[in-house]
1. Against the definition (in a helix (DSSP H, G or I) and of a type in the set (Lys, Arg)), how does residue 241 come out, yes or no?
2. Could you grab me the full set of residues in the range 142-177 that are in contact with a Gly (Cβ under 6 Å, 6 or more places away or on another chain) and open to solvent by 50 Å² or more (accessible area, probe 1.4 Å)?
3. Could you please find all residues in the range 146-183 being in a helix (DSSP H, G or I) and touching a residue at least 24 places away in the same chain (Cβ under 8 Å)?
4. Taking the options 40, 62, name whichever one is touching a helix residue (DSSP H, G or I) at 6+ places or on another chain (Cβ under 7 Å) and not assigned by TED's automatic domain parsing to the domain that holds residue 309.
5. Got at least one residue in the range 203-213 being outside any loop (DSSP other than H, G, I, E, B), at pLDDT 90 or above and buried (at least 19 other Cβ atoms within 10 Å of the Cβ)?
6. Mind listing just one residue for me: the one in the range 281-303 that is assigned to a loop (DSSP other than H, G, I, E, B) and more than 16 Å from the ligand (Cβ to nearest atom) and, of those, least open to solvent (accessible area, probe 1.4 Å)?
7. Checking residue 190 against (1) closer than 24 Å to residue 310 by Cβ; (2) assigned by TED's automatic domain parsing to the domain that holds residue 318, only one condition comes out false. Which one?
8. If we keep just the residues of the range 185-206 that are within 23 Å of residue 272 (Cβ to Cβ) and free of Cβ contacts under 8 Å to residues at least 40 places away in the same chain, which is nearest to the ligand (Cβ to nearest atom)?
Amino acid sequence: MAGPPVNPVLVDLFEGPKVDPNFRTISIEITGSDFDDPGQAPSDQKIANALSVVWAVMERYQIRALDVLGHSEIQPDNADPGKKFMALMRYLLGVKALVEGDARMKYLVFGPFLEEGSLPERAVQRYFEFVRAYLVLVDLPVSVYAWEARSKFWFVMDQIVQAPLALPLISQGCFPIFGETGHPGSCYLDPDNHEGLDIYPVGAENKLDWQQRGAYLAVSGACVAVGENHGFHHGKMAVFRHRQPDGAELLTLYGHLQALAALEVGKVYAAGTRLGEVGSLADGSHAFVHFATAYGATWDVQLRQNPNVPLSADARWVQRHFLPPGEFLRQVVV
Ligand SMILES: [Zn+2]
């Protein structure tokens, strides 16, 4: 996504003659510290108060939303006020501008995202995309997931995007294979870098019937990718995007498939849709489906470029990018 250039205030502070940031900025102090720590997160009232003060200062001095920076963004050795907190502030400035801002305030927030020959509504969409994309850049997918639930970001995006994808909320789901499951193969974090769960059907492969050979979509969602996999597992794979009832988005991945059904990227499918077939592959492996659940932002930082975990991944890396798939299935399959 083509974003705005580097913030001019930052260029001034880092590349200009050495000046104390306090001489170039108006500081707003909020009591407390490390707001991204769930135990120290400010109350809604405190956030609303801070938002009002930021808004009033912006209005008085005609400061753009892009020029509202967190202390840590000027002084990287300082963790305050937090990455998720700043993303929430930027998001709320966008919502406030949309709901009650006059034309000048709207310009201060969305103006830098206006493009020649494109509608002002596009600038609004690009601003909100920038808010999440920036958080994705500086924080971990597991944090972005928590932020999406807190901010209700995707519900607001649905209102802003002209033709939103009608992504259903996750409700009752189904197991990725039909019938009984056999011996457990690799599990989540076992081996260390294994991000999914290998689910085997019961019985000899040549005795499996049509239903038992199928791989099925666990919960309703939109197809984001289908194709060949060349990572830890070979075979074909399919990736889907889903939305939790709280607004956070996640992905489900189905790998080690022998064949894929005719799936269309961008289309929404119901839970239980047959995605393809399991079977032994050319590398001599037996029939199983590799099922994984990733945080939505893992798409942006890893899976869009490469549907596999990096070779260097360890348990810590996996936990920051993938949810435990067994726990997810226990919650949705009743
Ligand atoms: Zn696997």
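1. Working: in a helix (DSSP H, G or I): no; of a type in the set (Lys, Arg): yes.
No, not satisfied.
2. Passing the criteria: 152, 155.
3. 146, 147, 148, 149, 150, 151, 153, 154, 155, 156, 157, 160
4. That would be 62, the only listed residue that is touching a helix residue (DSSP H, G or I) at 6+ places or on another chain (Cβ under 7 Å) and not assigned by TED's automatic domain parsing to the domain that holds residue 309.
5. no
6. 296
7. (2)
8. 202
The values are calculated or read from the model by the stated rules, or taken from the named source; none is laboratory data. Bear in mind the structure is a predicted one, so any value in this text is a computation, not a measurement. Neighbour counts run over all protein chains shown; Cβ positions are idealised from the backbone, glycine included. Protein only, heavy atoms only, side chains kept; ligands, DNA and RNA dropped before computing areas. Shrake-Rupley method; radii C 1.70, N 1.55, O 1.52, S 1.80 Å.
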